[in-house]
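In what follows, a single structure is set out as structure tokens and then discussed.
The values are calculated or read from the model by the stated rules, or taken from the named source; none is laboratory data. Remember, predicted model here, so these are calculated numbers, not experimental data. When we count neighbours, we look across all protein chains shown, and the Cβ atoms used for this are built from the backbone with ideal geometry, even at glycine. The protein model used for the area step is the full one, side chains on, heavy atoms only, and it has no ligands, DNA or RNA in it. Shrake-Rupley method; radii C 1.70, N 1.55, O 1.52, S 1.80 Å.
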Amino acid sequence: QAATRFVVDVAMDSSDPDAEDYVSQARCYDLVGRRVLEQTLEGFNTCLFCYGQTGTGKTTTIMGEPGRELEDEEKGILVRLLEDLFRRASEFEDGGQEVHMKVQMLELYNDRLVDLMRRTTSDGSMRRTASASSRRRPSLRSRSPPRFSEGGPSQGGPRRRSFDFGAAVEHVRSEKSERQEAVQQPHQKIDVKVHPEVGAYITGATEETVESAEDCLDLLVYGNSQKTIHATAMNAQSSRAHTIFKMSLDVQHESRGTINLPHLYFVDLAGYENERTTLVTGERKRELAFINTSLFELARVIQGLTQRGE
């Protein structure tokens, strides 16, 4: 049988931290994330898919190591990119421009879009997540990059925020399950529309204004707590849907008005599953069918785009 040849930009091995060619989270960001950021700021719409079998570390690559504090070496691609993005935004302000950023977070569950930033109050009414848009906007230049590492008065120096992303998500998730008085309402319908000039876009989803990487992280924690997750034989925390994080940017210039920059997308895809190894039945099996079919169709789209580009 003839060998299959694959062409890739880079191959990364993160299996052995002691290996000479070990690729850490920081190195992974240098190889992939920085290019995404630069291309966005150059005017290109960018999208990073995390694709692979269930349980292989896709969410860890994007967000960070679950159950570990987000020290510098543990932060995922998205967290690192957000920090760099707000640093770069301060450079725009140095040139007399003002940067505005908005985020959305959705999941595609069984071919239905769900708003992960939607909240329900105790009386069942809808409310938006706490947004930076309701606060007075400070200058980006006055803010230092957020730090998510250990520290405190006992170690000397100013207290630094310690943050465990996985624990924070589980805390919000448990609060949601314990809030028995919350009345569950049907999700607001999210429509996908296509415009001949702007292309595909969605309506009906929450869009939050953010002023810092920490604002984004707070929303990520809440959004991840709303994701559809169930245990299978291969993954105790298996995502049953594809998660989509979108950031929109625009720059207000004194002489040229508002300039809309491209959109930045991160997509944490649910992992490909084999029915015999995951041992799923009932609703989990139905989810498996939607997951695998959508991944197959995505592969066809990517292959078609590649062939058209050649």
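Look at (1) open to solvent by 60 Å² or more (accessible area, probe 1.4 Å); (2) more than 18 Å from residue 228 (Cβ to Cβ); (3) modelled with pLDDT of 80 or more and you find that residue 286 fails only one, number (2).
Going through (1) closer than 30 Å to residue 97 by Cβ; (2) over 18 Å from the mean Cα position of the chain (by Cα); (3) open to solvent by 70 Å² or more (accessible area, probe 1.4 Å) one by one, residue 218 falls short only on (2).
For segment 4-123, list the helices (runs of 4 or more DSSP H) that sit wholly inside it and hold at least 1 residues that are open to solvent by less than 20 Å² (accessible area, probe 1.4 Å), farther than 30 Å from residue 230 by Cα and in contact with a helix residue (DSSP H, G or I) (Cβ under 6 Å, 6 or more places away or on another chain); which are they?
Numbers: elements: 25-28, 34-41, 58-63, 77-94.
Hits in segment 4-123: 34-41, 77-94.
Return yes when residue 111 is in contact (Cβ under 8 Å) with a residue 24 or more places away in the chain, out of contact with any strand residue (DSSP E or B) (no Cβ under 7 Å at 6 or more places or on another chain) and at positive phi and no when it is not. For residue 111, the condition - in contact (Cβ under 8 Å) with a residue 24 or more places away in the chain, out of contact with any strand residue (DSSP E or B) (no Cβ under 7 Å at 6 or more places or on another chain) and at positive phi - is met.
Just checking, how many residues over segment 229-247 are open to solvent by less than 30 Å² (accessible area, probe 1.4 Å), closer than 19 Å to residue 63 by Cα and not hydrophobic (A, V, I, L, M, F, W, C)?
At the first step, the residues of segment 229-247 found to be open to solvent by less than 30 Å² (accessible area, probe 1.4 Å) are 232, 238-243, 245, 247.
Right, trim to closer than 19 Å to residue 63 by Cα and you get 238-243, 245, 247.
Checking the rest, the ones that are also not hydrophobic (A, V, I, L, M, F, W, C) come to 238-240, 242-243.
Final tally of qualifying residues: 5.
Looking across segment 274-283 at every residue that is open to solvent by 50 Å² or more (accessible area, probe 1.4 Å) and assigned to a helix (DSSP H, G or I), the one that is farthest from residue 52 (Cα to Cα) is identified as 282. For segment 194-214, enumerate the residues that are acidic (Asp, Glu) and surrounded by 10 or more Cβ atoms within 10 Å (Cβ to Cβ). Listed by number, the residues that qualify are 207, 208, 211, 214.
Looking at 74, 38, just one residue is at negative phi and touching a Lys or Arg at 6+ places or on another chain (Cβ under 6 Å), and that residue is 74. Among the residues making up segment 289-305, those that are open to solvent by less than 70 Å² (accessible area, probe 1.4 Å) and free of Cβ contacts under 8 Å to residues at least 24 places away in the same chain are 289, 292, 299, 304.
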